[in-house]
Amino acid sequence: MLHKIEDFGRNAGKIWEILNSNGSLSERKLMKKTKLNFNEFYTAVGWLARENKIYKQGKYYILSETNLTDQIGLNAGKIWNILSTCGEIDTKYIQKLADIPKEDTFLALGWLAKEGKLKTKVIKPKKPQLVFELK
């Protein structure tokens, strides 16, 4: 099984390549061109934001110094504190405990992944779930 953190980085590379080739793209078009699902897309954007490579203007993304640091950084701090307290936890509960929208949860997880602060595993009670914990 591939490590999910490596997938986050590869997905960030896909977004970077598409934006580098096409310039500014709407969120919808970028998701379509990269063929990333919701979770994959937002973790990749969070990763790129931590690298200071992606800028968002309305629904459009471009390659530039990021303007996403404040909000994603704040949410990443909330999630880090939750993981520090709870240990291993899935995204559904991370979102609920942090009291942030799903999109912001995945942006912050991508940010923390780029910082090398996360590890993941898949558990399978009834259906596969991705869980996160601090390194």
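The values are calculated or read from the model by the stated rules, or taken from the named source; none is laboratory data. This is a predicted model, so every value here is computed, not measured. No Cβ is skipped: glycine too gets one built from the backbone with ideal geometry, and neighbour counts run over all protein chains shown.
Numbers at a glance
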quantity	calculated
Matching residues, region 45-59, being part of a helix (DSSP H, G or I) and closer than 20 Å to residue 135 by Cα	46, 47, 50
Region 58-85, subset of a type outside the set (Phe, Trp, Tyr), farther than 22 Å from residue 119 by Cα and touching a residue at least 24 places away in the same chain (Cβ under 8 Å), residue surrounded by the fewest Cβ atoms within 10 Å (Cβ to Cβ)	59
Residues that are closer than 14 Å to residue 71 by Cβ and surrounded by fewer than 18 Cβ atoms within 10 Å (Cβ to Cβ), drawn from region 100-118	101, 103
Residue 122 vs. criteria in contact with a strand residue (DSSP E or B) (Cβ under 9 Å, 6 or more places away or on another chain), within 30 Å of residue 22 (Cα to Cα) and in contact (Cβ under 8 Å) with a residue 60 or more places away in the chain	no
Per-region count, region 20-38, residues touching a helix residue (DSSP H, G or I) at 6+ places or on another chain (Cβ under 7 Å) and not β-branched (Val, Ile, Thr)	5
Where residue 62 falls short, out of the listed (1) in contact with a Phe, Trp or Tyr (Cβ under 8 Å, 6 or more places away or on another chain); (2) part of a strand (DSSP E or B); (3) over 21 Å from residue 27 (Cβ atoms)	(3)
Search result, residues across region 1-44 that are at pLDDT 95 or above and not in a helix (DSSP H, G or I)	23, 24, 25, 26, 35, 36, 37
Spans of helices (runs of 4 or more DSSP H) in region 69-115 with at least 3 residues closer than 12 Å to residue 42 by Cβ and within 13 Å of the chain's Cα centre (by Cα)	102-114
